[in-house]
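Data first, discussion second: the structure below is written as structure tokens.
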């Protein structure tokens with residue numbers, strides 16, 4: 001399941017992509033447009049900055065902007081930062097200790113395929129794709 005942090009991270013970056021004119025955008029503007037608490041956004045932004053998806057400056061004229069063009073930021077890039085390891089089972093997590101049952105596990109191939117499908121799906125959608133997509137009748141996740 002994708003948490004609120006993951007969904008909001010996508011919405012925040014999508015908002016930055018939609019208003020991408022090269023200028024830094026104050027988060028209070030994004031918070032208002034997206035109807036997300038500014039305090040909650042301020043908890044998310046360091047993850048996105050440290051992950052090099054956004055740039056920021058402080059002070060007058062400060063704010064945030066995308067660090068890359070929207071066509072170079074996938075939903076998988078965003079979700080990896082916001083959610084951490086999204087492996088469906090612990091034995092597929094990065095740097096997991098090898099499971100002693102893996103060789104005989106009948107369900108492991110199912111989980112591997114599910115994980116691969118998830119990665120492939122979200123890696124195939126960019127912010128640019130969403131900027132150009134039709135709206136879902138003002139329904140937000």
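The values are calculated or read from the model by the stated rules, or taken from the named source; none is laboratory data. Keep in mind that what you see is a predicted model, and the values were worked out from it rather than measured. Here Cβ is always computed from backbone atoms with ideal geometry, including for glycine, and neighbour counts include all displayed protein chains.
Only residues that are closer than 20 Å to residue 68 by Cβ and out of contact with any helix residue (DSSP H, G or I) (no Cβ under 8 Å at 6 or more places or on another chain) were counted in the stretch 20-47, giving 5. Please indicate, with yes or no, whether at least one residue in the stretch 84-92 is modelled with pLDDT of 95 or more and surrounded by fewer than 17 Cβ atoms within 10 Å (Cβ to Cβ). The answer is no; no qualifying residue exists. For the stretch 22-59, a tally of residues being over 23 Å from residue 83 (Cα atoms), in contact with a strand residue (DSSP E or B) (Cβ under 9 Å, 6 or more places away or on another chain) and not in a helix (DSSP H, G or I) returns 6.
Has the stretch 92-105 got at least one residue that is within 20 Å of residue 6 (Cα to Cα) and touching a strand residue (DSSP E or B) at 6+ places or on another chain (Cβ under 7 Å)? No, that holds for no residue. Residue selection: residue 97 satisfies the criterion of being loosely packed, with under 14 Cβ neighbours inside 10 Å, without any contact (Cβ under 8 Å) to a residue 60 or more places away in the chain and in a loop (DSSP other than H, G, I, E, B). Just one of the listed residues (80, 39, 68) is surrounded by fewer than 12 Cβ atoms within 10 Å (Cβ to Cβ) and either more than 15 Å from the chain's Cα centre (by Cα) or within 17 Å of residue 10 (Cβ to Cβ) (or both), namely 39.
Test residue 33 against the stated conditions and say whether it is closer than 19 Å to residue 131 by Cβ and surrounded by 12 or more Cβ atoms within 10 Å (Cβ to Cβ). So residue 33 passes the test. Being at positive phi, modelled with pLDDT under 95 and surrounded by 11 or more Cβ atoms within 10 Å (Cβ to Cβ) narrows it down to one residue among 59, 63; which is it? Going through 59, 63 in turn, the sole match is 63. Does residue 115 qualify as being over 21 Å from residue 133 (Cβ atoms), part of a helix (DSSP H, G or I) and touching a helix residue (DSSP H, G or I) at 6+ places or on another chain (Cβ under 6 Å)? For residue 115, the condition - over 21 Å from residue 133 (Cβ atoms), part of a helix (DSSP H, G or I) and touching a helix residue (DSSP H, G or I) at 6+ places or on another chain (Cβ under 6 Å) - is met.
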